[in-house]
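Chemist: Before we start, here is the structure in question, set down as structure tokens.
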Amino acid sequence: MTVNDIVQQPGIWLEAEGNLADIVISSRIRLARNVVGYPFLSRATHDQRRALAGLLAERVPHAASSAKSSYIDLTHCDELDCQVLVERQLISRQLVEAKGARGVVVSDDQRCSVMINEEDHLRMHMIRGGMQLSNLWAELNQLDDRIESQVDYIFHPRFGYLTACPTNVGTGIRVSVMLHLPALKLTGEMERVLKAAKDMNLAVRGLFGEGTEATGDFFQVSNQVTIGRSEKEIVDEFKDQVVPRIVEYERLARQALLDEKPRAVDDRVFRSYGILQNARTISSEETLLHLSHLRLGVHIGRITDVSVPKLNELFLITQPAHLQKLNGGPISGEERSAIRADLIRRKLAER
């Protein structure tokens, strides 16, 4: 499987699934692991990185036996292909910017990716649309066991799995949920949620993770503490406490807007719909903002002739790298804005 194959397929994590799908866009769990006999990457030589990448590129696809998978060598990928993988949530920006031998193993259904030589030797990801943390953890735990049968992990009897960053020591787990929170943003309540998240040792980031802003009212919420608790405890807390609490806040904010400012809500929703239907040039940032408002309008019943799957498709294919890849290669910013606007008009006109 190549990046060209990937870009032609729908993003599996944008499937609207479950009873929280109006707010929970996707669920993701990541495990960080390092291999015995190799130094952390900050101390590894060029030859050590290359040897490690070769070892893992051979053994990880074999371990991921439940689904067909392919290894993509990022040292041979151009910038556009790398950015497509970032937009697909298959790799991090840090892996793109890393030096030396590195790559990613991607399952054909794009539900699983294993980054090789990012910050740690291995970073395994499982991702699904909607709220599916329990299923994700069961599958990722099995994958972790299969990979561990192929390579030996660095493990300390007291501290657990040792990682390049001290905040990942212990279980090495990061539980992350992408949320659509337009009402909290519109009512000015987002600051309260951010403060509550900080008090609960949670990190709140933008659409593409660490170092990114919350464009289009999409936020990623993840745990910051991995030591001293089991993986299941962390997953269960997210599933049973953290996410339901934030979802409740957003739903209360939506109802407050409808009760107190229905005309203002309608104006924002239909103004965004009109712009998307008629714009001749539009940036990716403006697109996400208006798709966010339109998505809100669909879920509160104001917009009835647009489906959430269609909005989710536009959410992905209007991103800069996808747009260029689907149109044959690098395109200037001005030309992208025109092509993006044309694509959105055509998609919204489909019935």
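The values are calculated or read from the model by the stated rules, or taken from the named source; none is laboratory data. Everything quoted here is computed from the prediction, not taken from an experiment. Here the Cβ is made from the backbone with ideal geometry for all residues, glycine too, and neighbour counts use every protein chain on show.
Chemist: Just to verify a result, which residue in region 237-264, among those that are touching a residue at least 60 places away in the same chain (Cβ under 8 Å) and of a type in the set (D, E, K, R), is nearest to Leu296 (Cα to Cα)?
Modeler: That would be Arg254.
Chemist: What's the number of the only condition in (1) under 30 Å from Leu136 (Cα atoms); (2) not assigned by TED's automatic domain parsing to the domain that holds Leu186 that Thr281 fails to meet?
Modeler: Here Thr281 meets the rest and fails (1).
Chemist: In region 261-288, what residues are part of a helix (DSSP H, G or I), more than 20 Å from the chain's Cα centre (by Cα) and either of a type outside the set (D, E, K, R) or at pLDDT below 95 (or both)?
Modeler: Listed by number, the residues that qualify are Pro262, Ala264, Val265, Val269, Phe270, Ser272, Tyr273, Gly274, Ile275, Leu276, Gln277, Asn278.
Chemist: Within region 23-37, is even one residue surrounded by fewer than 21 Cβ atoms within 10 Å (Cβ to Cβ), at pLDDT 95 or above, part of a loop (DSSP other than H, G, I, E, B) and on the phi < 0 side of the Ramachandran plot?
Modeler: Yes, there is a match, as at least one residue in region 23-37 is surrounded by fewer than 21 Cβ atoms within 10 Å (Cβ to Cβ), at pLDDT 95 or above, part of a loop (DSSP other than H, G, I, E, B) and on the phi < 0 side of the Ramachandran plot.
Chemist: Looking for something aliphatic (A, V, I, L, M), modelled with pLDDT of 90 or more and assigned to a strand (DSSP E or B) - is there at least one such residue anywhere in region 229-245?
Modeler: No, region 229-245 contains no residue that is aliphatic (A, V, I, L, M), modelled with pLDDT of 90 or more and assigned to a strand (DSSP E or B).
Chemist: Still on this structure, I have one more. For residues that are surrounded by 19 or more Cβ atoms within 10 Å (Cβ to Cβ) and β-branched (Val, Ile, Thr), scanning just region 44-81, find the one that is modelled with the highest pLDDT.
Modeler: Of everything passing the filter in region 44-81, Ile72 is modelled with the highest pLDDT.
Chemist: Still on this structure: Given (1) modelled with pLDDT under 95; (2) in contact with a Leu (Cβ under 7 Å, 6 or more places away or on another chain); (3) under 22 Å from Gln9 (Cα atoms), where does Arg111 come up short, assuming only one miss?
Modeler: Tallying (1) modelled with pLDDT under 95; (2) in contact with a Leu (Cβ under 7 Å, 6 or more places away or on another chain); (3) under 22 Å from Gln9 (Cα atoms), Arg111 fails exactly one: (2).
Chemist: Does region 156-184 hold any residues that are surrounded by fewer than 14 Cβ atoms within 10 Å (Cβ to Cβ), of a type outside the set (D, E, K, R) and either in a strand (DSSP E or B) or without any contact (Cβ under 8 Å) to a residue 40 or more places away in the chain (or both), and which are they?
Modeler: Residues satisfying the conditions are His156, Pro157, Pro166.
Chemist: Please go through region 320-351 and pick out each residue that is part of a helix (DSSP H, G or I), surrounded by 15 or more Cβ atoms within 10 Å (Cβ to Cβ) and without any contact (Cβ under 8 Å) to a residue 60 or more places away in the chain.
Modeler: Passing the criteria: Leu323, Arg336, Ser337, Ala338, Ile339, Arg340, Leu343, Lys347.
Chemist: Starting from residues that are of a type in the set (S, T, N, Q), in contact (Cβ under 8 Å) with a residue 40 or more places away in the chain and out of contact with any Ser or Thr (no Cβ under 6 Å at 6 or more places or on another chain), keep the ones in region 83-126 and report whichever is farthest from Ala164 (Cα to Cα).
Modeler: Gln110
Chemist: Of the residues that make up region 320-343, is at least one within 20 Å of Ser26 (Cα to Cα) and within 25 Å of the chain's Cα centre (by Cα)?
Modeler: The answer is yes, given that some residue of region 320-343 is within 20 Å of Ser26 (Cα to Cα) and within 25 Å of the chain's Cα centre (by Cα).
Chemist: Looking at (1) surrounded by 15 or more Cβ atoms within 10 Å (Cβ to Cβ); (2) over 22 Å from the mean Cα position of the chain (by Cα); (3) of a type outside the set (A, V, I, L, M, F, W, C), which is the one condition that is false for Gly301?
Modeler: Unmet for Gly301, out of (1) surrounded by 15 or more Cβ atoms within 10 Å (Cβ to Cβ); (2) over 22 Å from the mean Cα position of the chain (by Cα); (3) of a type outside the set (A, V, I, L, M, F, W, C): (1).
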